[in-house]
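Undergrad: Here's a structure for you.
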Amino acid sequence: MIDFTPDVYPLMPLRDIVLFPGMVAPLVVGRKKSIHALERAMENRSLVFLVTQKDSKVDDPAPEHLYTVGTLASVMQLLRLPDGTIKALVEGKRRARTTDVLEGADFFSVRVEELVDHDGEENELPAYVRELKKAFDQYAQKNKKLPKEVLKSVTGIEDPSRLVDLICSHLQLKTREKQEILELTSVVGRITRVLEVIFREIELSELEKNIHAKVKKKMAVTQRNYYLGEKIRTIQDEMGQGEGGDDLAELEQSIEKKSLPKLVREKAVKELKKLRMMPPMSAETTVVRNYIDSIVTLPWSKKTRSKIDINKAGRVLDEDHYGLEKTKERILEYLAVQTQVKKIRGPIICLVGPPGVGKTSVCKSIARAMGRKFIRLSLGGVRDEAEIRGHRRTYIGAMPGKIIHSMQKVGVINPVFCLDEVDKMSMDFRGDPSAALLEVLDPEQNFAFNDHYLDLDYDLSEVFFITTANTLHGIPLPLQDRMEIIQLSGYTEEEKQNIATGFLIPKQLEANGFKENDIQFSNGAILEIVRRYTKEAGVRNLERTIASVCRKVARDRLKRKEPKKQYRISRQSIGKYLGVPKFRFGLAEDRDAIGLTTGMAWTEVGGELLQIEATLMPGSGKLMVTGKLGDVMQESAKAAMSYVRSRAMRLGLNSDFYKSVDIHVHVPEGAIPKDGPSAGITIATSIVSAMLKLPVDHHLAMTGEITLRGRILPIGGLTEKLLAARRGNITRILIPRENERNLQDVPQKIRNSLTIELVDDVDEVLQKALIVKEGETLFKDVSLDSIYNDFTISSHNTPAQ
């Protein structure tokens, strides 16, 4: 260990910094030797010798890499930073020269001799000081970056040595120059050297100012010459004496080669002539150039040539999608017609169905079956008409609409064009995009579609447009009128099993790096996933769940270090990979109950079973409906109540039974909004069951809209509702007789697994739904006169208002 005597100090090298006596400087220190040197100086309350490196790139400097003259400095403050470095505040004290270097375990130490200043002759020193202050004042006026506080502090310093060191620390000098000034012991010599530097900097500043003025003047002349040159070149081009720009020549060549309609070619040539007249730096030049590019890049006659094979097209559709027979049938009909005629107006088909049933992917399959190119445009969230029709060229940054832009991307005039999520468009003050689509999707108009940006008629009649939507109520009626709507219902359990086995499992095995037989799913396991881990009309969540099983198997393989192990997923083992089942399968009640009826509802994600409860309480005739019901459903409850009151005597109730009781109708899962008229007969059945204290058959579900006369009106979403009933272990279904025509759209397996009964009025529903004791009848024989007299007596007994 080195003993620090008065002439031995810790050594700390500096990079690109020369510290002068009297100068306070913050240093960020990262090298271990430097950190140890600072810490030792702080511990012993001694000075540290700061000396500059000759080459700042050397990371671990030896004594030969350092200058011999440096500054003894005191360590005022040390602060350790989170990254291990130290921030130190040091103050230079005195000049010193190295006489001996002592190598320690953690850092170097040096033996130094302090350097004493030589003041020179007493008479000349004040004159040097006065000249130095005057020169520095001139330098400060030229250099705006110098703080005003520095100038004030310089003015107040009388000590010549301290003054010259302070001024030198604020001059923009190279490290070598500062080191030379530090090594001078003569105060007059240092002042003379600093004066030379200051005068040099002042001259450089003046020179820079003159150069700047000359460059500015020269730029003005250059711009003038450039403008005149461009004007001369334009005149020469007009006279046929110039060669023209390469870009314009290429553009002209593109117009000549492109097969354009006559009006379009005339427009393009006219715009090109206008472009030649414009200066290249003009903002309008870019607008015209982009417009011509848009015309040239747009397909006007190029089309995909393909020979249509109906049998091959059918095989392609079957390979890509399971089921969807009605959709496939319509596509094949269109292809059959197209093979017989040279040109057919492009059909516009709208595929409507729940999420995940394959609407978008079937569009790609159609394109593959037809041998055409495919382009997709998502309309979800579009609320500006200009997104469809484009912006007029008068606006800055104008561009064609999404329809024209998509046609530019696809490059042919007869692609399969998928307009996805057409029911998700909205409107605001910028216009209604659905109204702009009327022209696009009308075969009588779209042969001359006019985009605001192009301002030219463009033929869309050969495009095969297919739109997709989850629901019809989000699509305006005029737009619906222009499309052939094909409903895609949810998949049955058998269809989901087939889709999982034939499509989803092979796809996920490949995506997760497995071979064909590495993971085998049993039919029971797939059915368990469908029933208890997914609740959807489509198969999107089913695919995610299968992917989750594959990921867990991959992790288990690596954990066991058995890369070739094969797994068999059964119904019993599925819980090991997916955890506790997320959904309860079989929503049908376990037993018959009073005031509880099972209804069927349709949602955007498919069919659902709906439990409707009714209970009676002493009261004054109020009807309460709860369960976050919409206005239509609340009105259905009121209509059901009015029907029950009109049938009171036939049901064996007093005509004023409602005056002494309150009836509460509740639809569980109160956080979920519900609406629609199809629960009318279900509500009426629950109320009558509660009134007569007769249980409702728990194997039965029903749907239908009720009228005040008890008639049952048809409903929508029948296929989805029957699928939900089958999933819920329901065996009997009551539906309106007018929906009999919709049963042909229901898969045969679903119809065979359910007992579907058609009903005309609510009386018939009550007889089928309510369980009456043997030997008793539900309805009483009451004459019309007695009903009339009863109502008359009730009205006479009513006090005058």
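The values are calculated or read from the model by the stated rules, or taken from the named source; none is laboratory data. Fair warning: this is a prediction, and the values are worked out from it, not measured in the lab. Glycine gets a Cβ as well: all are built from the backbone with ideal geometry, and neighbour counts include every protein chain shown. Protein only, heavy atoms only, side chains kept; ligands, DNA and RNA dropped before computing areas. Shrake-Rupley method; radii C 1.70, N 1.55, O 1.52, S 1.80 Å.
Undergrad: Could you calculate the contour length gain from ARG571 to ASP457, that is, 0.36 nm times the residue separation minus the distance between their Cα atoms, to one decimal place in nm?
TA: Taking 0.36 nm per residue and subtracting the Cα distance, the gain is 35.0 nm.
Undergrad: Subtracting the Cα-Cα distance from 0.36 nm times the residue separation, let me have the gained length for GLU103 to LYS133 in nm, one decimal.
TA: On the way: separation 30, 0.36 × 30 = 10.80 nm, distance 4.34 nm.
That pair, GLU103 and LYS133, stretches by 6.5 nm at full extension.
Undergrad: Per residue, how much accessible surface does the chain expose to a 1.4 Å probe? Answer in Å², no decimals.
TA: On the way: 43120 Å² over 801 residues.
Accessible area per residue: 54 Å².
Undergrad: Taking a cut-off of 21 Å between Cα atoms, list the lysines near LYS659, but don't count ones fewer than 8 places away on the same chain.
TA: LYS659 reaches LYS622, LYS638, LYS693.
Undergrad: Ok, one more. In region 355-409, what is the volume of the convex hull around the alpha carbon atoms, normalised per residue and reported in Å³?
TA: Numbers: hull volume 5.1 nm³, N = 55.
Residue-normalised Cα hull volume stands at 93 Å³.
Undergrad: Could you pull the accessible area for ASP459 with a 1.4 Å probe, rounded to 10 Å²?
TA: 60 Å²
Undergrad: Taking the 0 to 90 degree range and rounding to the nearest ten, how far is the long axis of helix 310-320 tilted relative to the main principal axis of the chain, both from C-alpha atoms?
TA: Computed tilt is about 70 degrees.
Undergrad: To continue, here is another question. For ARG711, ARG741, what's the largest-to-smallest order of accessible area, 1.4 Å probe? It would help to have the intermediate numbers written out before the result.
TA: Working: ARG711 100, ARG741 150 Å².
Largest accessible area first, the list is ARG741, ARG711.
Undergrad: With all protein chains present, calculate the accessible area of HIS65 using a 1.4 Å probe and round the result to the nearest 10 Å².
TA: We get 70 Å² for HIS65.
Undergrad: Quick check for me: using +1 on Lys/Arg Cβ and -1 on Asp/Glu Cβ, what's the dipole size of region 93-210 about its Cα centre, in debye to the nearest 20?
TA: Working: 21 positive and 24 negative charges, 131 e Å.
So the magnitude is around 620 debye.
Undergrad: Which percent of the accessible heavy-atom area of region 260-380 goes to carbon and sulfur, probe 1.4 angstrom? Provide the component values of the computation, followed by the final result.
TA: Numbers: 3440 of 6470 Å².
Carbon with sulfur: 53 percent of the solvent-accessible area.
Undergrad: Further, regarding this structure: Which chymotrypsin sites (Phe, Trp or Tyr not before Pro) does region 386-493 hold that lie in a coil by DSSP with at most 15 other beta carbons within 10 Å? Kindly include the intermediate steps, with their values, before the conclusion.
TA: Details: sites: TYR395, PHE417, PHE429, PHE447, PHE449, TYR453, TYR458, PHE464, PHE465, TYR491; in loops: TYR395, PHE429, TYR453, TYR491.
Loop-located and lightly packed - TYR395, PHE429.
Undergrad: Please give the contour-minus-distance gain from ASN290 to ALA213: 0.36 nm per residue of separation, less the Cα-Cα distance, rounded to one decimal in nm.
TA: Values: separation 77, 0.36 × 77 = 27.72 nm, distance 3.87 nm.
Stretched fully, the ASN290-ALA213 segment lengthens by 23.9 nm.
Undergrad: Please compute, for the alpha-carbon atoms of region 508-553, the extent along each of the three principal axes and give them in descending order in Å.
TA: For region 508-553, the Cα spread along each principal axis is 29, 19, 16 Å.
Undergrad: Counting helices only, and only those DSSP H runs with n ≥ 4, report the 222 nm mean residue ellipticity of the chain as the sum of -39,500 (n - 2.57) divided by its residues, in deg cm²/dmol to the nearest 500.
TA: On the way: 27 runs with 334 residues, N = 801.
Taken over the chain, the calculation gives -13000 deg cm²/dmol.
Undergrad: Work out the FRET efficiency for ASN44 and HIS118 from their Cβ-Cβ distance, taking R0 = 25 Å, and round it to the nearest 0.05.
TA: Working: r = 32 Å, r/R0 = 1.27.
Efficiency, from the Cβ-Cβ distance: 0.20.
Undergrad: With +1 on the Cβ of every Lys and Arg and -1 on the Cβ of every Asp and Glu, and nothing else charged, how large is the dipole of the chain about its Cα centre, in debye rounded to the nearest 20?
TA: On the way: 120 positive and 112 negative charges, 331 e Å.
Computed about the Cα centre, the dipole is about 1580 debye.
Undergrad: Estimate the FRET efficiency between LEU248 and ARG176 by the formula 1/(1 + (r/R0)^6), using the beta-carbon distance for r and 56 Å for R0, to the nearest 0.05.
TA: Details: r = 56 Å, r/R0 = 1.01.
Once the sixth-power term is evaluated, E becomes 0.50.
Undergrad: Taking only C-alpha pairs under 8 Å that are 6+ residues apart, what is the relative contact order of the chain in percent?
TA: Details: 1330 pairs, mean separation 56.7, N = 801.
Computed value for the chain: 7 percent relative contact order.
Undergrad: Let me ask something additional. So if I place +1 on the C-beta of Lys and Arg and -1 on the C-beta of Asp and Glu, and nothing else carries charge, what would the dipole magnitude of region 518-640 be about its Cα centre? I want it in debye, nearest 20.
TA: Values: 23 positive and 14 negative charges, 273 e Å.
The dipole of region 518-640 has a size of about 1320 debye.
Undergrad: Taking only C-alpha pairs under 8 Å that are 6+ residues apart, what is the relative contact order of region 10-133 in percent? Display every interim value, and only then the final one.
TA: Numbers: 237 pairs, mean separation 34.8, N = 124.
The normalised contact order for region 10-133 reaches 28 percent.
Undergrad: May I pose another question? Can you check what the net charge comes to around GLY431, using other residues whose Cβ is under 10 Å from the Cβ of GLY431 (Lys, Arg +1; Asp, Glu -1)?
TA: Numbers: positive: ARG383, ARG389, ARG430; negative: ASP384, GLU385, GLU387, ASP428, ASP432.
Here the count lands on -2.
Undergrad: What angle do you read, to the nearest 10 degrees and between 0 and 90, between the alpha-carbon axis of helix 359-370 and the longest principal axis of the chain?
TA: Computed tilt is about 90 degrees.
Undergrad: Where a Cα-Cα gap under 26 Å defines reach, which lysines qualify for LYS424, not counting those fewer than 8 residues away within the same chain?
TA: In chain and number order, the partners are LYS326, LYS328, LYS359, LYS364, LYS373, LYS402, LYS409, LYS535, LYS628, LYS674, LYS721.
Undergrad: DSSP loop trypsin sites (Lys or Arg not before Pro) in region 550-619 with at most 13 other Cβ atoms within 10 Å of their Cβ, which ones?
TA: Working: sites: ARG551, LYS552, ARG555, ARG557, LYS559, ARG560, LYS561, LYS564, LYS565, ARG568, ARG571, LYS576, LYS582, ARG584, ARG591; in loops: LYS561, LYS564, LYS565, ARG571, LYS582, ARG584, ARG591.
When the trypsin sites (Lys or Arg not before Pro) of region 550-619 are filtered for loop state and at most 13 Cβ neighbours within 10 Å, LYS561, LYS564, LYS565, LYS582, ARG584, ARG591 remain.
Undergrad: On C-alpha positions alone, give me the angle between the axis of helix 187-238 and the longest principal axis of the chain, in degrees, nearest 10.
TA: The angle comes out near 50 degrees.
Undergrad: Continuing with this model, one more query. Enumerate the calculated ³J(HN,Hα) couplings along region 131-143 in order (Karplus 6.51 cos²θ - 1.76 cosθ + 1.60, θ = phi - 60°), each rounded to whole Hz, writing x wherever the residue is Gly or Pro.
TA: Running phi through 6.51 cos²θ - 1.76 cosθ + 1.60 with θ = phi - 60° gives 5, 5, 5, 5, 5, 5, 5, 5, 4, 5, 5, 7, 9 Hz.
Undergrad: Let me ask something additional. Which FRET efficiency value, to the nearest 0.05, is calculated for THR471 and GLN748 with the Förster distance at 30 angstrom and r the Cβ-Cβ distance?
TA: Numbers: r = 26 Å, r/R0 = 0.88.
E(calc), rounded to 0.05, equals 0.70.
Undergrad: To continue, here is another question. Taking a probe of 1.4 angstrom, what is the accessible area of ILE672 in Å², to the nearest 10?
TA: That residue has around 80 Å² of solvent-accessible surface.
Undergrad: Counting other Cβ atoms within 10 Å, keep those with at most 15, restrict to DSSP loop, and tell me which GluC sites (Glu not before Pro) in region 69-160 are left.
TA: Values: sites: GLU91, GLU103, GLU113, GLU114, GLU121, GLU122, GLU124, GLU131, GLU149, GLU158; in loops: GLU121, GLU122, GLU124, GLU158.
When the GluC sites (Glu not before Pro) of region 69-160 are filtered for loop state and at most 15 Cβ neighbours within 10 Å, GLU121, GLU122, GLU124, GLU158 remain.
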